[in-house]
Each structure stands twice: as C-alpha cells, then as structure tokens.
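Asker: The structure follows.
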Amino acid sequence: MSREDQITNERVRKLEELKSQGINPYPSKFDKKNSCEECLKEKIGAKVKTAGRVMIKRDLGKISFATLKDGSGNIQIVLQDGQTPEKIMKLFKRYIDVGDFVGVEGKIFKTKTNQISILVKNLELLTKSILPLPEKWHGLQGDEDKFRKRYLDILMDSEVKEMFIKKAKFWNTIRSFLLEKGFLEVETPVLETSAGGASATPFKTHHNALDIDVYLRISM
C-alpha cells in the first residue's frame, strides 16, 4: 500500500467517525464575515469570523497552530488550552488535517514572535479533504501534473496563481473594451463532428462517452 493510500484510508476513517458522532463533514453553509487579508488588518482584540483551507498544522500539546488560506491570503490560527474550548481542541487535534476547509471564530492577537493570529474560540469543519495535498516545499514537480491539476498548482504556487489573476484581468479588459465598441461575443465549439474550414490536415480523436469521432476546430 502506497503512502498516499495510507493517508487516504486514515482520512476516510476519520470521516466515518465524524458522521457517527453526528457531525456533518460537508455542511452547506458558513457565514464568513472576514477574509484572511481583512483579519490581518483588524485591531488587536477584534472579533473575526473567517474560513479557509488548512495549509500547515502543528500540534504542540497544550497549544496548536495552523495556517489558514483563502483567496485573499494566509493567516495563522492558534488553539490554546484554557482559551479555546476543550471540545474544539479535541476536534482540531483528532480530525482536522492539512487540506481540510474550516471556519473559525475568535479574537485577533499577536504571538510572542509578533505574528498577527486568530485565537480560536470556535471551529467548524466545512469540508473534509480525502486526498493529501502535494508536499509544501516541492509542490507539483512534473509539467504533466501541473497541466492536468491546475487547481493544485494554483493552490501551492503563489507565482502561478498571480499569473492566472493577471491573465483573467487581461482578458476581462479586452472583453470589456470590445463590448463597448459594439462587438458581439459568440461561443463556437472547439470539437466538431466533421472536419472543415481549412485545408490543413484535421486533428481527429474519439469521444468515448458519446462513441463518436470528433475533429478539432481549425477556423473560426
């Protein structure tokens, strides 16, 4: 059994335990009030409610740390004996893994190293991740994996994410400019059931679900 299979099986076990305890590991709603970036700008002592994906988790016994990530950035969350309710501590230690989505409520404070963090008063599991994320320091190594799993590449590599943000802004700007000039945007199929439009040799493939041959569109 591979290391990934072992991790997957362990997470499935945790998933079933949560269900047996009446905890829904995939709730349909969470009232998020602050982004991670907004939390970092709040005053010390301010109450916040945010959500994100657990990217790093460290359990040091009476105190635990995790890095929470959403679309705006990262923030550290802290769970501490005497400050965080015992049932929340147990939930975090036993069932929360790197890759899970969680919602948290708490107060903004600074750690001894002056890192702005959230002292957690309440934590809710929003999505239990079954498959492990790529290793933090290595990410996705092969080009094929990066192309096939863009969602992971964007999650693990901030430079790749920034590139896609710039790309989206560029195309939105071009689209808005052309629409203002009266152009009409029309979507056309990329794969067609017949080759045509140019004299180039067509690219042909087979659509397994529909059991038909299709051709890559050559001309607009």
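Asker: Under 13 Å from the Cα of LYS14, which aspartates and glutamates turn up, not counting those fewer than eight places away in the same chain?
Answerer: Answer for LYS14, where 13 Å is the Cα cut-off: ASP97, ASP100, listed by chain and number.
Asker: Ignoring ligands, DNA and RNA, what percent of the 1.4 Å accessible area of the chain is carbon and sulfur?
Answerer: Details: 7930 of 14910 Å².
Carbon and sulfur atoms account for 53 percent of the accessible area of the chain.
Asker: Let me ask something else about it. So what is the accessible area of the range 167-217 per residue, in Å², with the probe set to 1.4 Å?
Answerer: Working: 4530 Å² over 51 residues.
That works out to 89 Å² for each residue.
Asker: With both bridge residues required to lie in the chain, what share of the DSSP beta bridges run antiparallel, to the nearest 5%? Don't skip to the end; give the middle numbers.
Answerer: On the way: 37 of 41 bridges.
Antiparallel: roughly 90 percent of the beta bridges in the chain.
Asker: Also: So for the chain, what are the equivalent ellipsoid semi-axes in whole Å, largest first, each being the square root of 5 times an eigenvalue of the Cα gyration tensor? Intermediate values should be presented prior to the final figure.
Answerer: Working: eigenvalues 368, 119, 52 Å².
Values for the chain, descending: 43, 24, 16 Å.
Asker: Applying a 10 Å radius around every beta-carbon, put 144-157, 97-110 in order of their mean neighbour count, most first.
Answerer: Descending mean neighbour count gives 97-110, 144-157.
Asker: How large is the helix-only mean residue ellipticity at 222 nm for the chain, computed as the sum of -39500 (n - 2.57) over DSSP H runs with n ≥ 4, divided by its residue count, in deg cm²/dmol to the nearest 500? Before the final figure, lay out each step's value.
Answerer: Values: 6 runs with 70 residues, N = 220.
Dividing the helical sum by the residues of the chain leaves -10000 deg cm²/dmol.
Asker: For a protection proxy built on the mean count of beta-carbon atoms within 10 angstrom, sort 209-217, 116-124 highest first, please. Let's see the in-between values first.
Answerer: Values: 209-217: 12.0, 116-124: 19.2.
Peptide ranking by packing, descending: 116-124, 209-217.
Asker: What number, in percent, do you get for the relative contact order of the range 94-138 if the mean sequence gap of Cα pairs under 8 Å and at least 6 apart is divided by its residue count? Please list the in-between numbers first.
Answerer: Numbers: 58 pairs, mean separation 19.6, N = 45.
Rounded, it is 43 percent for the range 94-138.
Asker: Helix 3-20 sits at what angle to the longest principal axis of the chain, using alpha carbons and giving 0 to 90 degrees rounded to 10?
Answerer: Once rounded, one gets 60 degrees.
Asker: Determine which lysines satisfy two conditions relative to LYS146: a Cα distance under 27 Å, and not lying fewer than 8 residues away in the same chain.
Answerer: Reachable lysines: LYS57, LYS69, LYS128, LYS136, LYS161, LYS166, LYS167, LYS169, LYS204.
The values are calculated or read from the model by the stated rules, or taken from the named source; none is laboratory data. All of these numbers come straight from a predicted model, not from anything done at the bench. Glycine gets a Cβ as well: all are built from the backbone with ideal geometry, and neighbour counts include every protein chain shown. The area values use the complete protein model at the heavy-atom level, side chains included, leaving out ligands, DNA and RNA. Shrake-Rupley method; radii C 1.70, N 1.55, O 1.52, S 1.80 Å.
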